[in-house]
Amino acid sequence: MSNRTLLSFELATPIEDDRPVYLAGNFCDWYPDLSEFEMEKVSKGKYKFSFSPDKKLPETIEYKYTRGGWDFVELDSYGNSSANRIVSKKQGSIKDFVPFWRQDGSTASVPKLMPKVQVVAEEFAIPQLGKTRAIHILLPHDYDKQTDKRYPVLYMQDAQNLFGEGSGYGNWEIDKRLSLLAKQGKADLIVVAIDHGDKDRFREYSPYTVEKKGKGLGMKYANFIVRTLKPYIDANFRTKPEAQFTGIGGSSMGGLISLYAGLMYPETIGRLMVFSPSLWVSDKIYFDITEFFSPVSSKIYLYGGGKESATMIPGIRRIKETIGSQHWDNSKIDVKLSLDSKGEHSEKRWGQEFSKAVEWLFY
């Protein structure tokens, strides 16, 4: 009999699911559903597997858990794909935990914890622009059961791409991601989703004049959020209206206008979710940063991907460096940099970052 250490795995998962669990890795060419590596269910949410002592294994084992296919692979606490797990074949007993599983290739969700989506107005007036716009609101799943509880609010751009069926450009799936956060007690948050202006999107989200695109309307749009939309939301929903409980967020041009609005109205907006901002529009954004003054505690979450453009990550770093060069009190402003060298300019990638940003900004 071999005297090698018996390598065994114990898995715990809180998700109720009758499908079997398999171990997949470099020891089986990453096949996700081989019966030889099906784990034994020992109790509800508890599984175990032991390699035969005579099984030839790599010195370093990389592996993941699946529910029978890569469309049903394990996910991390944010609902994102996780890195391969790595152990030594001599490690002995391994204890792992899987919080969520991919469902049919899409983002996981907890149906009973999904936020309640309501239409604030199909044609909400924007007097600053002389236009109307559809506004949706995502309320915590138990909002109606709480009579006195008040919530932070996150105002987000490009509502068409954020939840439900999404759009042709993709979907952040923030409704599903909020349900996963709710499972962890981190979704006591109201999200106000503002439709973009289609052909007027660029100008409305640009605070600056750009040759061949015309005068930017971003200053007026930011004023709309602060002076018109926010007072309406605060008057009609149970919000925490203070700046430290008020956030704004978006990506690309939506990221640029979110950064600009936070810089212009720090007394009103104290939480900024800035993903892949279109910094190429104008270097004036850096001047606006130098003029920024934080009267209350502010937090800024900056994300950028290396596959978006050659200037995205350097530009994101420059924002942080420009803020740091102002020598503000660290207790007044906190900046988090999240950079992904392989990150692409896509709704899917921004959705993966959304939960991390919400957690850091509001919890």
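The values are calculated or read from the model by the stated rules, or taken from the named source; none is laboratory data. Since the structure is predicted, the reported quantities are computational estimates derived from the model, not experimental observations. Quick reminder, even Gly has a Cβ in these numbers, built from the backbone with ideal geometry, and neighbours come from all protein chains shown.
Structural remarks
- Among the residues here, Pro295 does not qualify as free of Cβ contacts under 8 Å to residues at least 24 places away in the same chain, outside any strand (DSSP E or B), under 30 Å from Asp148 (Cα atoms) and out of contact with any Ser or Thr (no Cβ under 8 Å at 6 or more places or on another chain).
- Number of the condition not met by Ser338 [criteria: (1) crowded, with 21+ Cβ neighbours inside 10 Å; (2) in a strand (DSSP E or B); (3) not charged (D, E, K, R)]: (1)
- Which numbered condition Arg227 misses (of (1) surrounded by fewer than 20 Cβ atoms within 10 Å (Cβ to Cβ); (2) farther than 18 Å from Gln157 by Cα): (2)
- Pick from segment 72-101, criterion of a type in the set (D, E, K, R) and within 17 Å of Trp30 (Cα to Cα), ranking: nearest to the chain's Cα centre (by Cα): Glu74
- Filter result for Ala125 (assigned to a strand (DSSP E or B), assigned by TED's automatic domain parsing to the domain that holds Tyr143, free of Cβ contacts under 8 Å to residues at least 24 places away in the same chain and within 30 Å of Ile225 (Cα to Cα)): no
- Residue in segment 15-38 that is in contact with a Phe, Trp or Tyr (Cβ under 6 Å, 6 or more places away or on another chain), among the small types (Gly, Ala, Ser) and over 30 Å from Lys186 (Cα atoms) present: yes
- Residues satisfying the stated conditions in segment 190-208, i.e. closer than 26 Å to Tyr286 by Cβ, surrounded by fewer than 21 Cβ atoms within 10 Å (Cβ to Cβ) and either of a type in the set (D, E, K, R) or without any contact (Cβ under 8 Å) to a residue 40 or more places away in the chain (or both): Asp200, Arg201, Arg203
- When residues in segment 28-63 are screened for being closer than 16 Å to Gly92 by Cα and in a loop (DSSP other than H, G, I, E, B), 9 of them pass.
- Matching residues, segment 98-120, being without any contact (Cβ under 8 Å) to a residue 60 or more places away in the chain, surrounded by fewer than 13 Cβ atoms within 10 Å (Cβ to Cβ) and among the polar types (S, T, N, Q): Gln118
- Qualifying positions in segment 62-97 - out of contact with any strand residue (DSSP E or B) (no Cβ under 7 Å at 6 or more places or on another chain) and either of a type outside the set (Lys, Arg) or surrounded by 13 or more Cβ atoms within 10 Å (Cβ to Cβ) (or both): Gly69, Trp70, Asp71, Asp76, Ser77, Tyr78, Asn80, Ala83, Gln91, Gly92
- Residue identified as under 17 Å from Glu353 (Cα atoms) and among the aliphatic types (A, V, I, L, M) among Ile225, Ile174, Ile190: Ile174
- Counted residues, segment 230-249 - those being assigned to a helix (DSSP H, G or I), surrounded by fewer than 18 Cβ atoms within 10 Å (Cβ to Cβ) and within 25 Å of the chain's Cα centre (by Cα): 2
- Scan of segment 138-151 for residues that are closer than 20 Å to Gly351 by Cβ and surrounded by fewer than 24 Cβ atoms within 10 Å (Cβ to Cβ), ordered by number: Leu139, Pro140, His141
- Residue check, Arg238 in the same structural domain as Ile135 (by TED's automatic domain parsing) and in contact with a helix residue (DSSP H, G or I) (Cβ under 7 Å, 6 or more places away or on another chain): no
- Some residue of segment 77-88 being assigned to a strand (DSSP E or B), within 21 Å of Glu359 (Cβ to Cβ) and touching a residue at least 60 places away in the same chain (Cβ under 8 Å): no
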